[in-house]
């Protein structure tokens, strides 16, 4: 991510122009994120993993995204998604990746 935005510094502005970004309120963002998580909550209510209840690449990618959401304070309430990311964070490889990349990022 650091490389992508270093190599293409104007990419974020092209993806979501600042003018549009500032029109979205924090409650609207939280409402959107909660809605986006509904299918995940549904699947994870009865499963530990996303595909056939076995750890897969889908869990690696989804876990990376949800870790950012957790660190940004978007996963405050207890639900299956929060339990899922907590479970993934207990995996040794996930912890190692967190130490090498995510742990160096200063979050509010």
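The values are calculated or read from the model by the stated rules, or taken from the named source; none is laboratory data. Treat the numbers as computed from the prediction; the structure is a model and nothing was measured. FYI the Cβ positions are ideal-geometry reconstructions off the backbone, even for glycines, and counts take in every protein chain you see.
Just the residues that are under 14 Å from residue 73 (Cα atoms) and over 14 Å from the mean Cα position of the chain (by Cα), please, taken from segment 27-45.
Scanning segment 27-45 gives 27, 31.
Just a yes or no: is a residue in segment 52-75 farther than 24 Å from residue 97 by Cβ and free of Cβ contacts under 8 Å to residues at least 40 places away in the same chain?
No, segment 52-75 has no match at all.
What number goes with the only condition from (1) assigned to a helix (DSSP H, G or I); (2) exposed (fewer than 15 other Cβ atoms within 10 Å of the Cβ); (3) modelled with pLDDT of 90 or more that residue 82 does not pass?
Of the numbered conditions (1) assigned to a helix (DSSP H, G or I); (2) exposed (fewer than 15 other Cβ atoms within 10 Å of the Cβ); (3) modelled with pLDDT of 90 or more, the odd one out for residue 82 is (2).
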